[in-house]
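Below is one structure, written out as structure tokens; comments come after it.
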Amino acid sequence: HTPGHMCLYLEEEKLMFLGDHVLFDITPNIYYWSGVEDSLQDYLDSLIKIRNYEIETPFAAHRQNGTDIKRRIAEIIEHHESRLAEIISIVKQEEGLNAQEIAIRMSWAIPCKAWGDFPIIQRWFAMGEAIAHLDHLCQRKILSRDFEQQQGKYYLL
């Protein structure tokens with residue numbers, strides 16, 4: 001879920017140490033990384049790679065652990081597809097929004113009533129994830145980004 005992240009696989013034991021790459025009770029934060037063209041696509045590609053391993057025992061770095069990694073990978077991919085659809089819907093409703101304006105309109109699984117109530121670290125995670133998804137949509141030529149007064153504005157293509 002970050003550049004340089006590795007999972008360790010023990011073939012004989014069919015065991016994989018996942019780090020934060022696959023978490024079973026939350027989705028890993030996929031962040032915009034400077035110098036990475038499409039962080040989300042890199043992450044999705046890496047999920048597909050590990051899905052091909054024969055894993056009987058997956059070990060996530062923290063939080064709850066699970067056993068059905070193929071199902072969890074499918075859930076995570078579906079989560080990101082839903083996120084992308086949500087962003088497209090937001091931009092369709094109001095083109096020319098910047099990343100923060102889009103992030104504020106997105107749904108987040110955090111017990112806060114409004115964006116301003118989010119703890120600052122949660123806003124940081126949310127912004128990074130929103131930008132990673134926006135970059136992905138721009139790379140796929142679904143959205144375009146126009147820089148206006150040093151601020152990216154997003155439009156449907």
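Can you tell me which of Ile121, Ile69, Ile76, Ile131 is within 22 Å of Asp20 (Cα to Cα) and in contact with a Pro (Cβ under 6 Å, 6 or more places away or on another chain)?
Numbers: Ile121 fails: in contact with a Pro (Cβ under 6 Å, 6 or more places away or on another chain); Ile76 fails: in contact with a Pro (Cβ under 6 Å, 6 or more places away or on another chain); Ile131 fails: in contact with a Pro (Cβ under 6 Å, 6 or more places away or on another chain).
Exactly one residue qualifies, and that residue is Ile69.
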Provide a single number: the residues in the stretch 76-128 that are free of Cβ contacts under 8 Å to residues at least 24 places away in the same chain and touching a Ser or Thr at 6+ places or on another chain (Cβ under 7 Å).
1
Would you call Arg123 closer than 29 Å to Leu8 by Cα and crowded, with 16+ Cβ neighbours inside 10 Å?
no
Quick check on Gly66: is it in a strand (DSSP E or B), touching a helix residue (DSSP H, G or I) at 6+ places or on another chain (Cβ under 8 Å), of a type outside the set (D, E, K, R) and modelled with pLDDT under 95?
no
Out of (1) of a type outside the set (Lys, Arg); (2) surrounded by fewer than 13 Cβ atoms within 10 Å (Cβ to Cβ); (3) in contact (Cβ under 8 Å) with a residue 24 or more places away in the chain, the odd one out for Ile30 is which?
(2)
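For residues that are assigned to a helix (DSSP H, G or I) and either at pLDDT below 95 or acidic (Asp, Glu) (or both), tally how many sit in the stretch 70-103. Full working, then the answer.
First pass over the stretch 70-103, keeping only residues assigned to a helix (DSSP H, G or I): 70-93, 99-103.
Keeping just the survivors that are either at pLDDT below 95 or acidic (Asp, Glu) (or both) gives 75, 78, 81, 86, 101.
Residues flagged as assigned to a helix (DSSP H, G or I) and either at pLDDT below 95 or acidic (Asp, Glu) (or both) within the stretch 70-103 amount to 5.
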Exactly one of these conditions fails for Arg140: (1) of a type outside the set (Ser, Thr, Tyr); (2) open to solvent by less than 60 Å² (accessible area, probe 1.4 Å); (3) closer than 19 Å to Val36 by Cα; (4) at pLDDT 95 or above. Give me its number.
(2)
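The values are calculated or read from the model by the stated rules, or taken from the named source; none is laboratory data. Given the structure is predicted, the values throughout are model-derived calculations rather than measurements. FYI the Cβ positions are ideal-geometry reconstructions off the backbone, even for glycines, and counts take in every protein chain you see. Accessible surface is based on the protein model in full, side chains and every heavy atom, while ligands, DNA and RNA are left aside. Shrake-Rupley method; radii C 1.70, N 1.55, O 1.52, S 1.80 Å.
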